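Have a look at the structure below before the remarks.
The values are calculated or read from the model by the stated rules, or taken from the named source; none is laboratory data. Not measured: the values here are computed from a predicted model. Because the Cβ atoms are built from the backbone with ideal geometry, glycine has one as well, and the counts that use them run over all protein chains shown.
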Protein chains: 2
Amino acid sequence: MTYCLSLLCQEGIVFISDSRTNAGVDHVNVRPKMRVYTVEGDRLICLMTSGNLSLTQSVVALIEEDLMLAKNEPTRPNLMNQPTLYETTRYVGAKVRQVDRLDRAALAADGFGFNINLLIGGQIAGQPPEIHYVYPQGNSLKANRESPFLQIGESKYGKPLLDRGFTFETRLSEAVKFGILSMEATMKSNIAVGPPLDVLAYRADSLCIEKRYRIEHDDPYLREIQQAWGNGLVKLVEAMPSLPFPGTPQPGAFEIT
Amino acid sequence: MTYCLSLLCQEGIVFISDSRTNAGVDHVNVRPKMRVYTVEGDRLICLMTSGNLSLTQSVVALIEEDLMLAKNEPTRPNLMNQPTLYETTRYVGAKVRQVDRLDRAALAADGFGFNINLLIGGQIAGQPPEIHYVYPQGNSLKANRESPFLQIGESKYGKPLLDRGFTFETRLSEAVKFGILSMEATMKSNIAVGPPLDVLAYRADSLCIEKRYRIEHDDPYLREIQQAWGNGLVKLVEAMPSLPFPGTPQPGAFEIT
């Protein structure tokens with residue numbers, strides 16, 4: 001399983017991914033799912049993937065093949081020379097479709113779905129920061145001010161906190177906390193999502209990697225925030241008002257007396 | 001959609017269900033999903049249902065048909081005369097299988113799954129309080145001290161809080177809050193789960209309905225706890241320590257420079 005999350009806010013973008021993959025409970029491995037590509041001062045692109053690991057690897061392999069070949073052939077279309085982030089997303093979508101042509105039929109013949117989803121985000125110089133979702137069909141969706149986060153993989157456990165408190169106006173440093181706590185809720189409820197966690201806090205217009213962190217499973221910060229969050233939540237529940245039950249049953253009951 | 005939850009603790013059981021059903025976005029209706037059956041001093045059985053509304057109605061209709069006919073035929077097997085809660089659960093499972101024989105083939109012919117799940121809980125005099133999950137196949141699973149809650153329907157949004165803080169040792173009054181907040185997280189993230197909410201807090205060995213409450217959408221308590229919880233969560237995020245980003249990128253980055 002996988003959980004990847006990108007949070008778009010006024011000050012920039014937070015990207016967070018876990019690193020656990022599993023094919024049944026007896027094949028649990030560490031596979032980082034975040035890749036960051038930068039040409040300092042020109043653009044930063046962060047790519048996160050979920051789904052069938054073979055499919056996501058194929059898409060990444062095709063993307064990196066283009067990047068390698070573009071060194072000797074600069075006009076070759078690649079991840080880092082598209083005019084906009086929208087076109088960058090379409091470029092990635094085209095690679096998804098290429099892998100679809102390579103593998104979908106063979107997978108379907110054995111009953112496997114074509115399961116691959118990607119998040120792409122970052123900034124190109126002179127343009128705003130953006131985050132996009134690329135579907136298994138290769139089409140895409142962009143986050144905006146009103147719907148400022150995108151998730152792939154095991155997305156439900158970590159969503160209520162974001163729905164509750166994260167907005168486009170949230171400070172970048174707070175957005176990092178929201179992201180980590182969303183990930184933490186997911187790790188707590190699904191053992192197939194786990195550390196190390198990759199965190200990139202991208203500051204708008206920096207066009208480079210300033211703040212990146214790999215949180216290992218024994219990271220003191222992770223232990224600290226898990227404990228503080230757990231204790232804080234339980235105290236918060238205790239502080240909530242109690243339901244004022246009436247003394248008698250309410251209408252709507254079916255009762256045999 | 002539906003979310004129903006039962007929480008087993010030392011002092012008793014909390015049952016909570018929402019009341020929203022939808023068949024597409026243009027058929028959203030109110031359908032309470034909790035039914036409580038009592039013979040005071042002898043037993044209390046609470047039934048909650050999720051899935052295809054026609055199937056859950058059929059199962060309930062068959063159960064209530066037996067109850068009605070048993071008035072003139074007291075030895076007729078029914079929900080309220082089984083020797084144990086396990087047998088009560090098997091009785092309900094048998095009704096699920098009866099509806100399976102009635103409807104599964106016709107549904108499957110048009111591509112519909114046989115989607116029905118139930119939670120059954122309560123207490124029979126002289127026996128401990130129990131909660132059980134009944135699957136679409138009619139078999140069942142019982143909660144225990146180590147895994148003290150069961151959910152049906154849209155279960156993921158509301159699970160992290162329970163995983164974090166609810167245990168068998170949680171007081172009954174606190175368990176009510178955990179249940180309502182789990183429901184609240186679900187309503188926040190899935191518009192197809194909504195009030196009125198039915199809440200039953202069953203105190204062990206009471207063998208009657210003491211504390212039952214229907215929370216309507218404009219209930220002052222619901223508004224109060226939603227606001228207090230939302231504000232409390234955001235403040236709790238603010239109080240969390242910040243991720244100590246290092247000054248330089250971490251290993252594992254793929255960078256074009």
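Taking B:PRO196 as meeting all but one of (1) at pLDDT below 95; (2) more than 24 Å from B:HIS132 (Cα to Cα), write down the number of the exception. Exception for B:PRO196: condition (2). If you go through the stretch A:148-157 one residue at a time, do you hit one that is farther than 26 Å from B:LEU181 by Cβ and without any contact (Cβ under 8 Å) to a residue 12 or more places away in the chain? No, because not a single residue in the stretch A:148-157 is farther than 26 Å from B:LEU181 by Cβ and without any contact (Cβ under 8 Å) to a residue 12 or more places away in the chain.
Does the stretch B:168-181 include one or more residues that are assigned to a strand (DSSP E or B) and not aromatic (Phe, Trp, Tyr)? So far as the stretch B:168-181 goes, no, none of its residues is assigned to a strand (DSSP E or B) and not aromatic (Phe, Trp, Tyr). In the stretch B:200-236, the residue that is nearest to the other protein chains (Cβ to nearest Cβ) out of those that are under 14 Å from B:PRO32 (Cβ atoms) and out of contact with any strand residue (DSSP E or B) (no Cβ under 7 Å at 6 or more places or on another chain) is B:GLU216. The residues of the stretch B:173-189 that are β-branched (Val, Ile, Thr) and within 7 Å of chain A (Cβ to nearest Cβ), listed by number, are B:VAL176, B:ILE180. Taking the listed residues B:GLU64, B:GLU73, B:GLU40, the one that is without any contact (Cβ under 8 Å) to a residue 12 or more places away in the chain, within 27 Å of B:ALA201 (Cα to Cα), acidic (Asp, Glu) and surrounded by fewer than 21 Cβ atoms within 10 Å (Cβ to Cβ) is B:GLU64, with no other qualifying. The set of residues in the stretch A:136-163 being over 12 Å from the mean Cα position of the chain (by Cα) and small (Gly, Ala, Ser) consists of A:GLY138, A:SER140, A:ALA143, A:SER147. Residue by residue through the stretch B:190-199, note down the ones that are more than 9 Å from every other protein chain (Cβ to nearest Cβ) and either in a strand (DSSP E or B) or free of Cβ contacts under 8 Å to residues at least 24 places away in the same chain (or both). Selection gives B:ILE191, B:LEU197.
Exactly one residue out of B:GLU146, B:GLU224, B:GLU169, B:GLU210 is surrounded by fewer than 22 Cβ atoms within 10 Å (Cβ to Cβ) and either over 29 Å from A:ASN231 (Cα atoms) or aliphatic (A, V, I, L, M) (or both): that is B:GLU210. When the stretch B:101-135 is filtered for residues that are surrounded by 19 or more Cβ atoms within 10 Å (Cβ to Cβ) and either over 23 Å from B:THR186 (Cα atoms) or among the hydroxyl-bearing types (Ser, Thr, Tyr) (or both), the ones remaining, listed by number, are B:GLY122, B:GLN123, B:ILE124, B:PRO129, B:GLU130, B:TYR133.
Criterion applied to A:ASN81, A:ASN29 was being touching a helix residue (DSSP H, G or I) at 6+ places or on another chain (Cβ under 8 Å), more than 22 Å from A:LEU161 (Cα to Cα) and either part of a loop (DSSP other than H, G, I, E, B) or more than 12 Å from chain B (Cβ to nearest Cβ) (or both), and the one residue passing it is A:ASN81. Suppose we filter the stretch B:106-133 for residues that are of a type in the set (A, V, I, L, M, F, W, C) and under 22 Å from B:ASP42 (Cβ atoms); how many remain? Within the stretch B:106-133, residues that are of a type in the set (A, V, I, L, M, F, W, C) and under 22 Å from B:ASP42 (Cβ atoms) number 6. I'd like the full set of residues that are closer than 25 Å to A:ARG20 by Cβ and more than 9 Å from chain B (Cβ to nearest Cβ), limited to the stretch A:144-154. Answer for the stretch A:144-154, where residues must be closer than 25 Å to A:ARG20 by Cβ and more than 9 Å from chain B (Cβ to nearest Cβ): A:PHE149, A:LEU150, A:GLN151, A:ILE152, A:GLY153. Candidates in the stretch B:1-24 are the residues that are in a strand (DSSP E or B) and polar (S, T, N, Q); of these, the one that is nearest to B:LEU222 (Cα to Cα) is B:SER17.
Conditions tested, residue by residue: (1) outside any helix (DSSP H, G or I); (2) closer than 28 Å to A:ARG164 by Cβ; (3) out of contact with any Ser or Thr (no Cβ under 8 Å at 6 or more places or on another chain); (4) among the hydrophobic types (A, V, I, L, M, F, W, C).
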| residue | (1), (2), (3), (4) |
| --- | --- |
| A:TYR91 | no, no, yes, no |
| A:ALA105 | no, no, yes, yes |
| A:PHE112 | yes, no, yes, yes |
| A:LEU141 | yes, yes, yes, yes |
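You will find that of B:LEU69, B:LEU107, B:LEU118, B:LEU102, the residue that is under 17 Å from B:TYR37 (Cα atoms), under 26 Å from the mean Cα position of the chain (by Cα) and of a type outside the set (Val, Ile, Thr) is B:LEU118 and no other. Scanning the stretch A:34-47 for residues that are more than 7 Å from chain B (Cβ to nearest Cβ), touching a Lys or Arg at 6+ places or on another chain (Cβ under 9 Å) and not hydrophobic (A, V, I, L, M, F, W, C) yields no hits at all.
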